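Enquirer: Take this structure first; my questions come after.
The values are calculated or read from the model by the stated rules, or taken from the named source; none is laboratory data. Quick caveat: nothing in here was measured; it's all calculated off a predicted structure. As a convention, Cβ positions derive from the backbone with ideal geometry for all residues, glycine included, and neighbour counts pool all protein chains shown. Please note that ligands, DNA and RNA were not included when accessible areas were found on the heavy atoms of the full protein model with its side chains. Shrake-Rupley method; radii C 1.70, N 1.55, O 1.52, S 1.80 Å.
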Amino acid sequence: MSEPRFRLTDSTLRDGSHAIAHRFTEDEVRRVVAALDAAGVPVIEVSHGDGLGGSSFNYGFSATDEMDLLRVAVETATQAKIAILMLPGIGIREDLRRAREIGASVARIATHCTEADISAQHIRLAKELGMEAVGFLMMAHMISPAELLEQAKLMESYGADCVYVVDSAGAMTIDDARRRVATLKAGLSCEVGIHAHNNLSLAVANSLGALEEGVDQVDGCTTGLGAGAGNCPTEILVAACERSGIPTGVDPLAVMDAAEEVVRPIKPIQGVIDRDGLLLGYAGVYGSFLLHSKRAAERYGVDAKDILLELGRRKVVGGQEDMIIDVAVELQRRAAEAQAAG
Amino acid sequence: MTKVPCAIVGSGNIGTDLMEKLARSEILELRAVVGIDPESEGLRRARERGFEATHEGVDWLLARADEFELVFEATSAWVHRQNAPRYEEAGLRAIDLTPAKLGPLVVPPVNLAAHLDAPNVNLITCGGQATVPIVHAVARVADVPYAEIVSTVASRSAGPGTRQNIDEFTKTTSSALVEVGGAAFGKAIMILNPAEPPILMRNTVFCALGDGYDRDAVASSILEVVDEVAAYVPGYRLKAEPVFEEDTFRTPGGTVSARVVALLEVEGAGDYFPPYAGNLDIMTASAVRVGEAMASAVVAA
């Protein structure tokens, strides 16, 4: 097999956690890691969907402690590195230390795209602990490529080995993704990554566009299992790359089998690009809001579509799931007032 | 009545906003603003407002310690750790607005009366001042196995100190939910939102409710404490009536079948910071409230 052109990180066991309301079991983690590891996937991310420490009222409680899931992943992997995600403000450095002790070797530190400076403590700690540090700039569609580069430079200055363009809302067009990757590639010495969501059905296309701009790391989730309308499907990305003559280092047939036989039986609560999923991408709303919005819509007798559009208007950022209740309560009140007036 | 003399140490944003509030106090007399930078905008502003202002640091203050009763520390946790023993030795009582956590954690409607004679009190964090009263309000009428808060502030209102020490915010606030609020377990989350125009500070408080809670008692206890906070932070308000949600929640404090959610907004008074910075306003307003109560206790004694 030729030398891979980029490094693939599979985030089924982190971003995919959103799609099943953070209910992965140890057994599922063991089977997914075994299949992806055997297929040659070099990095596998395992955490609560909102990163270490994400288990909460606001984001949903983990059914199994993420540290237990991490331990199973580390014990199962033979060649793959195990990565974690953490968002400063949600997770703390103690969480990172525990993950390191268990054996995680890649620390992905995520902030909203304009707030890179809150990652300094965590990126530095990751390096001190001998981990690979990845900066993860979320909702990167909200600012220009030049502004994104300024934030990426901050992460690089704290010691990040790679900085990702993260399309958390699945709102980027191919041109949006390419321009951001190209600007970061030109302005950084460290590596650059792309994390794509599929709300506009462009996740694979955006990743291929990023590869044409020389992106070094690409994220996928097997079967696309992930927040919102789902992620770039790992097995499709690998197949499309191989067809385009881009070596991935991953066995396409083995990863297809992993998708079909191991991940697909884990039934997501969502999984197709329905109207709400598409609306996230269209309105530029953080993907993990989807299930919470559907649940609140049901609870308060309002339309999930209206919640998502209002969240977009309010310019909420990743992590502000509490605003879903706020919006739902307000929509319910307005509907009651309209009824009383009518 | 004779006013009680006090000083502000730290001439940055917090110190300057605090100065504007102390200037209105009928109980405290601001006698000095102490900084270390001769070019400081805060010191210049203090002089303009007619207050004595020095850039000679705490040495200046300690040389005339007998002229003061109270010191408001508006520097950083690291600086306060250096200063605190010196204040105490000089007989100055400290109200600490940094996250140094040397003295007892104080939230006015909850435990101020218990610490009026403490040599050093700590004001936790902005999120703590905004949310601990709610947790306390619920915990005094119901069993709270777990409390969680989400504090969202405008990016522009979060200074470099907060940004580079975001873990301190979450840890200090989490522990206050338990130690002061009365929850069995606590978790705090902080989010920065860069939207323009800047958003007002938002806080969401979730309290897990043990079986047998009385919905009306919980709701009216929350409304009561919101009024108490609003008495010294006028822009502090509930966005909606407390919301009760029934479901199965597997919290760190055990599985519960209900939670109450309080959606709060804090609009600042616009003294020095713009009104969106409710997070900064609630710290300085709480500091004045604490200082006035400590001063009244001194005068009464």
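Listed here are the residues, each with its yes/no results for (1) in contact with a strand residue (DSSP E or B) (Cβ under 6 Å, 6 or more places away or on another chain); (2) under 17 Å from A:Pro233 (Cβ atoms).
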{"residue": "A:Leu13", "(1), (2)": "yes, yes"}
{"residue": "A:Ala21", "(1), (2)": "yes, no"}
{"residue": "A:Glu28", "(1), (2)": "no, no"}
{"residue": "A:Ala38", "(1), (2)": "no, no"}
{"residue": "A:Ile44", "(1), (2)": "yes, yes"}
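Enquirer: Let me ask something else. When only residues in the stretch B:178-193 that are under 16 Å from the mean Cα position of the chain (by Cα) and within 14 Å of chain A (Cβ to nearest Cβ) count, which is nearest to A:Val317 (Cα to Cα)?
Expert: B:Met190
Enquirer: OK, next. Residues that are open to solvent by 70 Å² or more (accessible area, probe 1.4 Å) and within 11 Å of chain B (Cβ to nearest Cβ): which helices (runs of 4 or more DSSP H) entirely in the stretch A:272-342 hold 1 or more of them?
Expert: Here the list reads A:289-300, A:304-313, A:322-341.
Enquirer: When you scan the stretch A:31-69, how many residues do you find that are away from chain B (no Cβ under 11 Å), surrounded by fewer than 24 Cβ atoms within 10 Å (Cβ to Cβ) and within 30 Å of B:Ile149 (Cα to Cα)?
Expert: Total satisfying the criteria: 2.
Enquirer: Confirm whether B:Arg163 is in contact with a strand residue (DSSP E or B) (Cβ under 9 Å, 6 or more places away or on another chain), within 12 Å of chain A (Cβ to nearest Cβ), assigned to a helix (DSSP H, G or I) and open to solvent by 10 Å² or more (accessible area, probe 1.4 Å).
Expert: yes
Enquirer: If you don't mind, there's one more thing I want to ask. Do the conditions hold for B:Lys187, that is, is it in a strand (DSSP E or B) and open to solvent by 20 Å² or more (accessible area, probe 1.4 Å)?
Expert: It is true that B:Lys187 is in a strand (DSSP E or B) and open to solvent by 20 Å² or more (accessible area, probe 1.4 Å).
Enquirer: Between A:Val272, A:Val262, A:Val302, which is more than 26 Å from A:Ser11 (Cβ to Cβ) and of a type outside the set (S, T, N, Q)?
Expert: The conditions single out A:Val302.
Enquirer: Restricting attention to the stretch B:135-145, and to residues there that are open to solvent by 10 Å² or more (accessible area, probe 1.4 Å) and not in a loop (DSSP other than H, G, I, E, B), which single residue is farthest from B:Glu267 (Cα to Cα)?
Expert: B:Ala139
Enquirer: Do we have any residue at all in the stretch A:312-335 that's touching a residue at least 12 places away in the same chain (Cβ under 8 Å) and farther than 25 Å from B:Ala195 by Cβ?
Expert: Yes, the stretch A:312-335 contains a residue that is touching a residue at least 12 places away in the same chain (Cβ under 8 Å) and farther than 25 Å from B:Ala195 by Cβ.
Enquirer: When the stretch B:146-160 is examined, which residues are found to be crowded, with 19+ Cβ neighbours inside 10 Å and within 12 Å of chain A (Cβ to nearest Cβ)?
Expert: Within the stretch B:146-160, B:Tyr146, B:Ala147, B:Glu148, B:Ile149, B:Val150, B:Ser151, B:Thr152, B:Val153, B:Ala154, B:Ser155, B:Ala158 qualify.
Enquirer: Additional query: Looking at A:Ser189, A:Ser201, A:Ser157, which is the one that is more than 23 Å from A:Val43 (Cα to Cα), open to solvent by 40 Å² or more (accessible area, probe 1.4 Å) and assigned to a loop (DSSP other than H, G, I, E, B)?
Expert: A:Ser201
Enquirer: How many of the residues making up the stretch A:79-97 are more than 14 Å from chain B (Cβ to nearest Cβ), more than 10 Å from A:Ile44 (Cα to Cα) and open to solvent by 30 Å² or more (accessible area, probe 1.4 Å)?
Expert: Adding up the residues that qualify gives 1.
Enquirer: Find the residue count for the stretch B:194-210, including only residues that are farther than 21 Å from B:Val260 by Cα, within 9 Å of another protein chain (Cβ to nearest Cβ) and not small (Gly, Ala, Ser).
Expert: Counting residues in the stretch B:194-210 that are farther than 21 Å from B:Val260 by Cα, within 9 Å of another protein chain (Cβ to nearest Cβ) and not small (Gly, Ala, Ser) gives 3.
Enquirer: Another question, if that's okay. Could you check A:Thr76 against (1) of a type in the set (Val, Ile, Thr); (2) within 13 Å of chain B (Cβ to nearest Cβ); (3) touching a residue at least 40 places away in the same chain (Cβ under 8 Å); (4) surrounded by fewer than 24 Cβ atoms within 10 Å (Cβ to Cβ) and say which number it fails?
Expert: Here A:Thr76 meets the rest and fails (2).
Enquirer: Restricting the stretch A:126-144 to residues that are open to solvent by 10 Å² or more (accessible area, probe 1.4 Å) and in a helix (DSSP H, G or I), which is farthest from the other protein chains (Cβ to nearest Cβ)?
Expert: Among residues in the stretch A:126-144 that are open to solvent by 10 Å² or more (accessible area, probe 1.4 Å) and in a helix (DSSP H, G or I), the one farthest from the other protein chains (Cβ to nearest Cβ) is A:Lys127.
Enquirer: Here are A:Gly301, A:Gly287, A:Gly281: which of them is small (Gly, Ala, Ser), in contact (Cβ under 8 Å) with a residue 12 or more places away in the chain and touching a Ser or Thr at 6+ places or on another chain (Cβ under 6 Å)?
Expert: Testing whether each residue is small (Gly, Ala, Ser), in contact (Cβ under 8 Å) with a residue 12 or more places away in the chain and touching a Ser or Thr at 6+ places or on another chain (Cβ under 6 Å) leaves just A:Gly287.
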